[in-house]
Amino acid sequence: TIWQHQWQWLGGQSKANGANNAVGKLVDQLGSADKRVRLHAADALGLLGAAAGEAIPALAHALADAYEPVALNAAYTLAGMGAPAAPALLGALESDDKDATRNAAYGLSALGAPAVSGLIDRLGHAGEQTRGYAAFALGEIGLQGNAAAADAVGSLAKLASDESEWVRRNMVEALGTLDIQAQAAAQGAAVDTLAQALQDADGQVRFTSALSLT
């Protein structure tokens, strides 16, 4: 009946308003001076998942939290929100704060497929931390069956001449962990790049390249 539909609609609206109020309070708590309060807020937002979407900006800010458990919880809470959180995590990957960049990479690794195209783009970023952690995250994701695998391998290969040994190390490790056996062209390009990296000036790059080729 009409009144039943009206009652259900009002009930749903009430629940939505309650959820919004709860998220708002938790966002406020993320700014608390008490690290325990911030940690509780990050945990609680993680349990809400996608329903806590309005907290994305605050969680992205929390990636730089001085208390590491808060920052890590923020990263994985963002990952649990799915594709809507990708822009915030990718933005944090470009941060001048090294810890925020690292934590964003953890979140992007957990996010998976929605992060891939943005990570490929950031392999060419001017910032060393951004390039290196983009390579790391792509390697963690693995790209099994992902249509962008060939693009990822091609962009990773461009880092073979990167001025940063750390970036090159992440690059060869990523090429070794990508699940691209079913994609012959991508696999061939990865093998060629790793074979060339066996001549790298950095010993760790050479060692990791050899491991990645096995």
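Here the chain is treated as a Stokes sphere of Kirkwood radius computed over C-alpha pairs; at 37 °C and 0.692 mPa s its diffusion coefficient rounds to 177 µm²/s.
Placing unit charges on the Cβ atoms of the charged side chains and taking the dipole of the chain about its Cα centre, the candidate lying farthest along the positive direction among Phe207, Ala174, Leu72 is Leu72. The slack between Glu163 and Arg206, meaning 0.36 nm per residue of separation minus the straight C-alpha distance, is 14.0 nm.
In the elastic network of the chain, a GNM with C-alpha springs shorter than 10 Å, the most mobile of Lys98, Lys35, Lys25 is Lys25.
Carbon and sulfur: what percent of the chain's accessible surface (1.4 Å probe)?
Numbers: 5770 of 10870 Å².
On the chain, the fraction of accessible area on carbon and sulfur atoms equals 53 percent.
In this structure the chain gives 51 Å² per residue of accessible area when probed at 1.4 Å with all protein chains present. Between Asn21, Asn73, Asn170, find the one with the highest GNM mean-square fluctuation for the chain; connect C-alpha pairs within less than 10 Å. Largest GNM mean-square fluctuation: Asn21. Between the listed residues Ala62, Pro84, Phe136, the Cα displaced farthest toward the positive end of the dipole of the range 28-167, a dipole computed from Cβ unit charges relative to the Cα centre, is found at Pro84.
Relative to one another, the C-alpha centroids of the range 121-158 and the range 21-80 are positioned 27 Å apart. Its DSSP H runs of at least 4 residues, each contributing -39,500 (n - 2.57), put the calculated 222 nm mean residue ellipticity of the chain at -22500 deg cm²/dmol, to the nearest 500.
With a Förster radius of 45 Å applied to the beta-carbon distance between Ala33 and Asp192, the computed FRET efficiency rounds to 0.25.
Among Ala44, Ala137, Ala110, which one moves the most in a GNM of the chain with springs linking Cα atoms closer than 10 Å? Of Ala44, Ala137, Ala110, the Gaussian network model singles out Ala44 as fluctuating most. Per residue, the convex hull spanned by the Cα atoms of the range 96-194 amounts to 78 cubic angstrom.
Roughly speaking, what is the stretch gain from Asp99 to Tyr67, that is 0.36 nm per residue apart minus the C-alpha to C-alpha distance, in nm to one decimal? Result: 10.5 nm gained on full extension. Relative to the Cα centre, the charge distribution of the chain, modelled as +1 at Lys and Arg Cβ and -1 at Asp and Glu Cβ, gives a dipole magnitude of about 560 debye.
The values are calculated or read from the model by the stated rules, or taken from the named source; none is laboratory data. Note that the structure is predicted; figures quoted are calculated from it, not measured. Neighbour counts run over all protein chains shown; Cβ positions are idealised from the backbone, glycine included. We work out accessible area using only protein heavy atoms, side chains counted, and drop any ligands, DNA or RNA first. Shrake-Rupley method; radii C 1.70, N 1.55, O 1.52, S 1.80 Å.
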